[in-house]
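Asker: I have a structure here, written as structure tokens, and I will follow up with some questions on it.
The values are calculated or read from the model by the stated rules, or taken from the named source; none is laboratory data. Quantities reported herein were computed from a predicted structural model and do not represent experimental measurements. Methodologically, a virtual Cβ is constructed for each residue, glycine included, from the backbone with ideal geometry; neighbour enumeration extends over all protein chains shown. We work out accessible area using only protein heavy atoms, side chains counted, and drop any ligands, DNA or RNA first. Shrake-Rupley method; radii C 1.70, N 1.55, O 1.52, S 1.80 Å.
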Amino acid sequence: MSAPISITAISSISPLGSSSGETWEAYQNPNHHFVQKEFNGRQQWIAPLSEKAWQEVLDLRLSDAKYKMLDDSVLFAMYAARNAIKNTDWKSADNFGINIGSSRGATSLFEKYHEEYIRQQKTSTLSSPTTTLGNISSWVAHDLQTKGPEISHSITCSTALQALLNGVAWIKSGMADKFLVGGSEAPLTPFTLAQMKALKIYAKSELERSLRAVSSSISNEDLNYPCRALDLSKKQNSLILGEGASMVCLEKGISEKSLALIEGIGYATEVLEHNVSISTDAKCFQRSMRMALGDLNPEIVDVIVMHAPGTLKGDLSEHKAIQKVFGDTLPALTTNKWKVGHTFGASGMLSVELAILMLKHQEFISVPFVSHSSHPKRIRKVMVNAVGFGGNAVSVLLSKP
């Protein structure tokens, strides 16, 4: 990165909370944030927003008559965007851009309107404008009354980091000095859960796990942590869906508001042998991490926040890619999906939030059921990974200002 670009503000709403203070406090304890809820007649693990956070979203929905018909994914994005901008000196008149993506988009509304159509053979007037993918960035722009470009996209689970990459490109091109980027996802719906179950990657319910424990050697600890993200010894897939949004403010240069510097970015797409898988040693991650490092020695990276969705092949292939790039001296490895689940398009930016919090507090957040070979004494540089269906990997190298 020739000219420095800073992250000057970050905000999120997730199962961990709706402020940086709440989120960091949640990271201080070893508890996950999963609950069980009935979908399609069966109990399933999910990671929903907290009751307090949901009330704040409800207050936002009721604050404007136009917001009552919006999907949760839009409201999550608006909430996080408002709070991110509050922590800057940006004005609505500024020519700052917005790039917010989502893997699934307006899932809940789309399912509602489709069910309505199947039942009545017609649908509501607003069924189209409220379910287009572009309505996330456009509604955020409306809410903030901005005058800059508005961009929406879906690049599956690397969506949020692709938005960051795009914001950096706009700033480096000279077409903008500031960009609000992030991702939002509200995937806790019957059809989305059914899709993940159909892939056979979803975590077993508590009842299913308990029955399995009776007839096998599964430990009580396994039952305590239904998503075994980063556990390379697990015997079954354990992905669990979560919901939320996270936004960061990008600015050219370094200032007293700089929370982290974007020292490097990398991206890669690999030719797939299967629609949902990447190579056994995640060649896309190897290329994206090497690009993010550039000419830097890999040993300078203190921590990697892995994508690690909790699936057998996904976790292992990323780990093998890290071994290929970093050799015998691996950075400290962590992830947050054991705690908040997989938030699809928002997941990469929630990982960036974890990275920034570790840089700020100089504390490594470990995975409680994983034996960590490395605990960095100081944290100066953190790499964040994300990848999704399609083999679209992104790696971002962040450093302490």
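Asker: Per the 1.4 Å probe, what fraction of the accessible area of the chain, in percent, lies on carbon and sulfur atoms?
Answerer: Working: 8590 of 16720 Å².
In the chain, the share of accessible area belonging to carbon and sulfur is 51 percent.
Asker: Is there a quick way to get the dipole size of the chain? I mean about its Cα centre, with the Cβ of Lys and Arg at +1 and of Asp and Glu at -1; what is the value in debye to the nearest 20?
Answerer: Working: 40 positive and 38 negative charges, 81 e Å.
Result for the chain is approximately 380 debye, rounded to the nearest 20.
Asker: Limiting things to C-alpha atoms, what are the Rg and the maximum Cα-Cα separation (Dmax) for the stretch 336-401, in angstroms?
Answerer: 12.6, 37
Asker: Helices from the chain with mean Kyte-Doolittle at least -1.0 and a Cα length along the axis of 18 Å or more, per DSSP H: which? Walk me through the numbers on the way to the answer.
Answerer: On the way: long enough: 72-86 (21 Å, 0.46); 107-120 (19 Å, -1.33); 159-173 (21 Å, 0.79); 312-326 (21 Å, -0.38); 347-361 (21 Å, 1.13).
Qualifying helices: 72-86, 159-173, 312-326, 347-361.
Asker: Would you mind putting 159-167, 374-382 in packing order, based on average other-beta-carbon counts within 10 Å, highest first?
Answerer: Numbers: 159-167: 27.7, 374-382: 15.7.
Peptide ranking by packing, descending: 159-167, 374-382.
Asker: At 25 °C and 0.890 mPa s, what whole-number value in µm²/s does Stokes-Einstein give for the translational diffusion of the stretch 29-138, with Rh from the Kirkwood sum over Cα pairs? Display every interim value, and only then the final one.
Answerer: Values: Rh = 16.5 Å.
D = 149 µm²/s.
Asker: Same structure again: Magnitude of the Cβ-charge dipole of the stretch 256-401, K/R +1 and D/E -1, about the Cα centre, nearest 20 debye? The partial results should precede the final answer.
Answerer: Numbers: 15 positive and 13 negative charges, 46 e Å.
That gives a dipole near 220 debye.
Asker: While we're looking at this one, here's another question. How long is the gain from S233 to Y67 if the chain were fully straight, where each residue apart is worth 0.36 nm and the alpha carbon distance is subtracted? Intermediate results must be reported in sequence, preceding the final value.
Answerer: Working: separation 166, 0.36 × 166 = 59.76 nm, distance 4.58 nm.
Result for the pair: 55.2 nm of gain on full extension.
Asker: Taking the dipole about the Cα centre of the chain, with the C-beta of Lys and Arg at +1 and of Asp and Glu at -1, give me whichever of Q120, P48, I13 is farthest to the positive side.
Answerer: Q120
Asker: Also: Taking a ≥ b ≥ c as the square roots of the eigenvalues of the Cα gyration tensor of the stretch 89-207, is the shape rounded (a/c under 1.5), prolate (a/b larger than b/c) or oblate? Show your work: numbers first, answer last.
Answerer: Numbers: a/c = 3.12, a/b = 1.60, b/c = 1.95.
Note, shape of the stretch 89-207 comes out oblate.
Asker: How are the C-alpha pair distances of the chain spread across 10 Å bins, as whole percents from the shortest bin up?
Answerer: 5, 24, 34, 25, 9, 2, 0
Asker: Report Rg(Cα)/(2.2 N^0.38 Å) for the stretch 77-151, keeping two decimals. Please report the intermediate quantities before stating the final value.
Answerer: On the way: Rg = 15.3 Å, N = 75, 2.2 N^0.38 = 11.3 Å.
The stretch 77-151 yields a ratio of 1.35.
Asker: Same structure, new question: Between T123 and Q195, what's the calculated FRET efficiency when r is the beta-carbon distance and R0 is 22 Å? Round to 0.05.
Answerer: Values: r = 22 Å, r/R0 = 0.99.
Step by step, r from the Cβ atoms, then E = 0.50.
Asker: Separation of the stretch 241-305 and the stretch 173-208 by C-alpha centroid, Å?
Answerer: 18
Asker: What does the C-alpha gyration tensor say about the overall shape of the stretch 268-368? Classify as rounded when a/c is under 1.5, otherwise prolate if a/b is larger than b/c, or oblate.
Answerer: Working: a/c = 1.75, a/b = 1.16, b/c = 1.51.
In terms of gyration-tensor shape, oblate.
Asker: What residues have an amide H closer than 5 Å to that of I5, excluding those fewer than 5 places away on the same chain, when H is modeled at 1.01 Å from N in the peptide plane?
Answerer: G253, I262
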